[in-house]
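See below for the structure under consideration.
The values are calculated or read from the model by the stated rules, or taken from the named source; none is laboratory data. Because the structure is predicted, anything quoted here is derived from the model rather than measured. Here the Cβ positions follow ideal geometry from the backbone for every residue, glycine too, while neighbour counts run over all protein chains shown. For accessibility, only protein heavy atoms count, side chains too; no ligands or nucleic acids. Shrake-Rupley method; radii C 1.70, N 1.55, O 1.52, S 1.80 Å.
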Amino acid sequence: MSKIETQSMPREQFLTIAINLLHRAFMDAKRTDAKNLFKAISEGKRVALTNLQMEDKSSVRFDLSMDHSEYAGTLNFGAFRSSLTALLSNLVDAVKEQREITTFGAEGDSANIIFGVTGVTVEKEIPSVLVLSTSTGGQEAAVMLRLMYLDYQQFLASQQSDGDTA
């Protein structure tokens, strides 16, 4: 069994790669292909996006999955694409402006990271919040890009408690 080596790269470079892969998969692709990919990840499947050759000539596989358990309502391709467009736009702005992007991780597990940039949209008067997370652990030499819908009400509760302390 071969040993899996891990390397780190600057966060901005990683996010640029992730943004480009997601844009290529859902915005540049034929609508039919994008919808088929959406259908697969919305059913809980892990889908291989690409193998990327790194500067040191090593190869890294990028996979994609999605968690939409916190999405209020029934998620369709149009609503997903709107959320993803908002998220990618906000990520691009954050990278271009060289803003410090807050990250969140599971306690004691540095391999799972949630990036603190959101894509917020409103469908039928109900907001949705999409974020990008990544996982680099496990037995496979792969990076998992995971799109996650968060419970929008936690952001409302946070704003209310911020207002109470002001």
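Worth a mention:
- Average accessible area per residue (Å²) across the stretch 35-153 - probe 1.4 Å, nucleic acids and ligands excluded: 55
- Sorting the segments 29-40, 93-104 by their residues' average number of neighbouring beta-carbon atoms within 10 angstrom, most packed first, yields 29-40, 93-104.
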